[in-house]
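Here is the structure we will look at.
The values are calculated or read from the model by the stated rules, or taken from the named source; none is laboratory data. Only a predicted model underlies this, so the values are computations on that prediction, with no experimental measurement involved. Backbone-built Cβ (ideal geometry, glycine too); neighbour counts: all protein chains shown. All accessible areas refer to the heavy atoms of the entire protein, side chains included, with ligands and DNA or RNA removed. Shrake-Rupley method; radii C 1.70, N 1.55, O 1.52, S 1.80 Å.
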Amino acid sequence: MSIWSRISEALSALTAGEGLSAVFDRLRSPPERSVAFTIAVIALGAKMAKADGQVTRDEVTAFREVFHIASQDEQGAAKVFNLARQDVAGFEDYASRIREMFASQPETLRDLLEGLFHIAMADGFYHPNEDAFLERVTEIFGLPQAEFSRLRMRFAPDARQDPYAVLGVTPDTPPQEVRRAWRRLVRENHPDAMIARGVPEEAMQLAQKRMADINRAWDEIAGADV
């Protein structure tokens, strides 16, 4: 069963009149964390689409920047988007519920935030309202400002690139420590590690881009030290 079929089942379980945010209260158990992760990214992505004023943007195209969506599942993905867009609950309510769900897994919240950055850049433009939206979500998630800054640097086209920041080190960090930081990030962001913390297989494009950025940063630093 595809993740979109499982999402449809989760949504069909809602009683009439409940908002989409109520779904999160039903998906707290680990077996359904990947469903919760997917709904969270799409729901907040829908709210972010409203934030930048581009509510007519092709949501399926945007989600393909994060998820592999088979043609037969596009309708299910669009359904989640539209439910979130129409829900009267604000994005801060969604973000707060998501933080509660993944309170013991800050790394999953970072994965979620990165997914939102992917969606923000799907139309090739990083809107100031998206920037404010993502910074506020970072705050609600309880993630450090440095995490937002690192992601902004990787995704925003006008951001200054800093390979040391990508690896979470500074230019004066000893070379052996930089290498250890790189290796740790490679381990933490292996697809198996991401799946274990709730990121669905359909979202492995997150891992691919992140690993490319991590390895590019390492190559740049290591090359400069030669």
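Using the beta-carbon distance between Q205 and D158 and R0 = 35 Å, what value does 1/(1 + (r/R0)^6) give for FRET efficiency, to the nearest 0.05?
The calculated FRET efficiency here is 0.90.
Please state, rounded to one decimal and in Å, the Kirkwood hydrodynamic radius that segment 152-195 gives when every pair of distinct Cα atoms enters the mean of 1/r.
Kirkwood radius, segment 152-195: 11.7 Å.
Where the only charges are on Cβ atoms (+1 Lys, Arg; -1 Asp, Glu), what is the dipole of segment 43-175 about its Cα centre, to the nearest 20 debye?
Dipole magnitude for segment 43-175 comes out near 100 debye.
Tell me whether segment 90-134 comes out rounded, prolate or oblate; compute the Cα gyration tensor, take square roots of the eigenvalues as a ≥ b ≥ c, and use a/c under 1.5 as the rounded threshold.
Here segment 90-134 falls in the oblate category.
In segment 95-116, which residues have a backbone nitrogen under 20 Å from the label point lying 7 Å from Q145's Cα in the Cα-to-Cβ direction?
The answer is 110, 113-114.
On average, how much accessible surface per residue is there in segment 99-226, in Å², for a 1.4 Å probe, leaving out ligands, DNA and RNA?
50
Taking the radius of gyration and the Kirkwood hydrodynamic radius from Cα positions alone, what is the Rg/Rh ratio for segment 116-159, to two decimal places? Could you put the intermediate results ahead of the total?
Details: Rg = 9.8 Å, Rh = 10.5 Å.
A ratio of 0.94.
Output the Cα-based Rg and Dmax of segment 115-189 in Å, rounding Rg to one decimal and Dmax to a whole number.
Values for segment 115-189 (Cα only, Rg and Dmax): 13.9, 40 Å.
So, in nm, how far is label E135 from label S104 when the simple model puts each one 7 Å beyond its Cα toward the Cβ?
3.4
Restricting the calculation to Cα positions, tell me the Rg (one decimal) and the Dmax (whole number) of segment 145-226 in Å.
13.2, 39
Give the Cα extents of segment 66-172 along the principal axes, in whole Å, largest first.
50, 30, 25
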